[in-house]
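The values are calculated or read from the model by the stated rules, or taken from the named source; none is laboratory data. In this text, all values refer to a predicted model and were calculated from it rather than measured experimentally. Please note: Cβ atoms are built from the backbone with ideal geometry, for glycine as well, and neighbour counts cover all protein chains shown. Just the protein is used for accessible areas: all its heavy atoms, side chains included, with ligands, DNA and RNA removed. Shrake-Rupley method; radii C 1.70, N 1.55, O 1.52, S 1.80 Å.
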Amino acid sequence: MPELPDVEGFRRVLRACAKGRTIQHVEVLDTGVLHEVSVRRLRDALEGRRFTEPERHGKWLLARTGGPTLMLHFGMTGQLLCADPQDPAEAHDRVLFTVARDRQLRYRDQRKLRGLWLADDEFEVARLLGGLGPDALTVDRDDFDAALTAHRGSVKTVLTDQGVLAGLGNLLADEILWRARLRPTSRASELDEADLGHLYTHMRRTLRSAVTAGRVPPRDSWLTGHRDDPHPVCPRCGGPLRRTRTAGRGTVWCPRCQ
DNA sequence: ATACGAGCCTGGATGC
DNA sequence: TGCATCCAGGCTCGTA
């Protein structure tokens with residue numbers, strides 16, 4: 001699930017729950033989510049440190065501490081929540097960070113497709129984020145145009161390629177393309193000035209709304225609100241939506257509007 | 001460079 | 001009810 005808006009929501013959770021607080025205890029319930037770091041090193045590095053202002057790039061959340069940086073990626077099923085340490089851990093709670101007597105940050109993830117990394121310094125942070133393109137929420141129009149048109153694949157593939165643009169996932173890409181009235185199979189390199197303008201505008205609008213909501217909202221007026229319907233209908237023109245596969249991912253689009 | 005499939009992991013829905 | 005199969009909004013890797 002988690003795309004840029006969800007991760008931005010997790011960033012807010014982290015800030016509200018733990019910013020300025022000392023990490024008293026790190027408890028790893030499932031080592032399967034740790035990457036390139038042992039339980040021992042994670043605890044030694046973080047316990048006693050204080051969380052500072054968290055950052056986000058694409059779908060990565062950077063939990064800064066003034067020292068090492070905890071890097072979180074949520075895969076398809078991860079989430080971050082603030083709980084009471086007294087509350088029993090749930091089945092998919094993988095790592096718990098107690099930051100106060102009554103506050104505990106929890107990394108919960110059913111499928112464990114991604115997880116947690118620990119960057120000792122900025123070089124490590126840069127290495128982990130190395131292959132990523134500019135963040136979709138802050139990229140300017142020139143960089144957006146340059147990034148997209150440099151690739152010859154289908155526009156949907158390019159939009160969801162984290163190395164081109166960081167943060168857009170399958171749902172957002174479908175939503176943005178539908179709003180911009182572009183077919184997912186259009187070649188990115190062949191988009192004209194007007195297409196790029198629409199894409200950029202709708203990407204920004206869609207992201208802004210979704211970030212406010214903390215996720216891509218399944219509203220009736222959004223394409224996303226209909227992708228799971230048995231016979232999905234376009235909320236704009238009323239025509240039947242089509243389901244196809246682009247780059248191995250389920251794709252929903254309107255053959256009449258797009 | 002691009003496309004495609006398999007694989008990582010788990011659970012819910014579907015079909016027999 | 002039991003069991004197999006497919007599918008899911010993430011990403012990486014190998015091959016063509």
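Every condition in (1) at pLDDT 95 or above; (2) surrounded by fewer than 20 Cβ atoms within 10 Å (Cβ to Cβ); (3) within 14 Å of DNA strand C (Cβ to nearest atom); (4) not polar (S, T, N, Q) holds for A:Gly130 except the one numbered (1). Among the listed residues A:Thr149, A:Thr206, A:Thr160, which satisfies the condition of being within 16 Å of DNA strand B (Cβ to nearest atom), modelled with pLDDT of 95 or more and within 18 Å of A:Lys59 (Cα to Cα)? Result: A:Thr160 is the single residue among A:Thr149, A:Thr206, A:Thr160 that is within 16 Å of DNA strand B (Cβ to nearest atom), modelled with pLDDT of 95 or more and within 18 Å of A:Lys59 (Cα to Cα). Screening the stretch A:163-185 for residues that are open to solvent by less than 10 Å² (accessible area, probe 1.4 Å) and within 12 Å of DNA strand B (Cβ to nearest atom) and picking the one that is farthest from A:His202 (Cα to Cα) gives A:Val164. State which residue is farthest from A:Leu168 (Cα to Cα) when the search covers only the stretch A:1-38 and only residues that are part of a loop (DSSP other than H, G, I, E, B) and of a type in the set (Asp, Glu). Ranking the qualifying residues of the stretch A:1-38, first place goes to A:Asp30. State whether one or more residues within the stretch A:36-45 are touching a strand residue (DSSP E or B) at 6+ places or on another chain (Cβ under 9 Å) and within 13 Å of DNA strand C (Cβ to nearest atom). Yes. Please determine, by comparing only the residues of the stretch A:68-100 that are in a loop (DSSP other than H, G, I, E, B) and either under 18 Å from A:Arg111 (Cα atoms) or touching a Cys at 6+ places or on another chain (Cβ under 7 Å) (or both), which one is most open to solvent (accessible area, probe 1.4 Å). Per the stated criteria, the residue is A:Glu90. Tallying residues that are closer than 19 Å to A:Val164 by Cα, part of a strand (DSSP E or B) and open to solvent by less than 10 Å² (accessible area, probe 1.4 Å) within the stretch A:54-67 yields 1. Of all residues being small (Gly, Ala, Ser) and touching a residue at least 60 places away in the same chain (Cβ under 8 Å) in the stretch A:68-101, which is farthest from A:Gly163 (Cα to Cα)? Just the residue, please. Ranking the qualifying residues of the stretch A:68-101, first place goes to A:Ala100.
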